[in-house]
Amino acid sequence: MQLPEAMERLVQELSRLPGVGPKTAQRLAFHVLRVDRQRAEALAQAVVDVKERIGYCSRCYNIAEGELCAICVSGRRDPALICVVESPLDLIAIERSAEYQGLYHVLHGVISPIDGVGPDQIHVPQLVERVREERVAEVIIATNADIEGEATAVYLHRALAPLGISVTRPAHGLPVGGDLEYADELTLARAMAGRRSL
Ligand SMILES: [Zn+2]
C-alpha cells in the first residue's frame, strides 16, 4: 500500500536518522500519527529549538547556547588542562565520570587519510592555536583507542610537543577499538587518573 504523501515524507525523514532503518522509521511515523497533537508539536518544536538555539563554542567546539559553552564560562575549571575528544558525546561521557576538572577541545572527527580527512578538516589548527595563546600545561588526548584515534593522537603529539607542554593519553583499560562514549564511568575515571605521557 502506498502511504499518503505526508506520512511517506515523515518516514523518509525519520529513516535518515542514525540507527533508524526503514521499518523503525515506519513504526515511529505511525506512533506520531497516534499521539495527540500536543505531543507531536512538542517534538517538532524541540527539533526546531535545537537548530535555532544550539551551536558550537567558539573556543572549544563543545555544544553551546551562545558564544561560549558552559564549561568554558565556568570559573571552576582548570584552564591549564585541555582534554581533546572526538565528539561532544565523548565530552559528556568524561563529564559523567566527574574525575576531570580541566577544559576540553572537541575535534569533531579524527584524522583518516582513507576517508580524505586531514588535520585541517577537523579542529586541529584551532587546538594548536589555543595551546600557543592560552596558558596550557597539559593536553590529554582522549581520542578513541582505534586505528584513527591512535593515529590522531600520534599526529597531535608531534604537533604539540614542540610547544613545550606535556602531552598525555588516558591509561589503557579503555575498550580497544571501542567508543569512549560507551565506556562506563569508573573505567573512564580510572583511565583519566592514570594517564601516561606520549
Ligand atoms: Zn567551550
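The values are calculated or read from the model by the stated rules, or taken from the named source; none is laboratory data. Computed from a predicted model, the values in this text were never measured in an experiment. Here Cβ is always computed from backbone atoms with ideal geometry, including for glycine, and neighbour counts include all displayed protein chains. Surface accessibility is based on the protein's heavy atoms, side chains included, excluding ligands, DNA and RNA. Shrake-Rupley method; radii C 1.70, N 1.55, O 1.52, S 1.80 Å.
Here are a few things to note about the model shown:
- Residues in segment 121-142 that are of a type in the set (D, E, K, R) and either outside any helix (DSSP H, G or I) or within 11 Å of the chain's Cα centre (by Cα) (or both): 3 in all.
- When residues of segment 58-86 are limited to those that are without any contact (Cβ under 8 Å) to a residue 40 or more places away in the chain and of a type in the set (Asp, Glu), the one farthest from the ligand (Cβ to nearest atom): Asp78
- Applying a threshold of 8 Å to beta carbon distances and a minimum spacing of six or more residues, or different chains, the list of pairs starting in segment 171-198 at a residue that is under 21 Å from Tyr155 (Cα atoms) and ending at one that is at pLDDT 75 or above and among the aromatic types (Phe, Trp, Tyr) reads Met192/Tyr100.
- Of all residues in segment 103-149 being touching a Gly at 6+ places or on another chain (Cβ under 6 Å) and open to solvent by less than 20 Å² (accessible area, probe 1.4 Å), the one that is farthest from the ligand (Cβ to nearest atom): Thr143
- Hits in segment 95-120 - residues which are part of a loop (DSSP other than H, G, I, E, B) and in contact with an Asp or Glu (Cβ under 6 Å, 6 or more places away or on another chain): Gln101, Leu107, Val110
- Restricted to segment 1-16, and to residues there that are exposed (fewer than 13 other Cβ atoms within 10 Å of the Cβ) and of a type in the set (A, V, I, L, M), the residue that is nearest to Glu41 (Cα to Cα) is Ala6.
- Answer residue from segment 25-42, given it is part of a helix (DSSP H, G or I) and open to solvent by less than 50 Å² (accessible area, probe 1.4 Å) and is farthest from Leu3 (Cα to Cα) among those: Ala42
- Unmet criterion (only one of (1) within 14 Å of the ligand (Cβ to nearest atom); (2) part of a helix (DSSP H, G or I); (3) of a type outside the set (D, E, K, R); (4) free of Cβ contacts under 8 Å to residues at least 12 places away in the same chain) for Ala46: (1)
- Of the criteria (1) part of a loop (DSSP other than H, G, I, E, B); (2) within 16 Å of the ligand (Cβ to nearest atom), which one Leu3 fails: (2)
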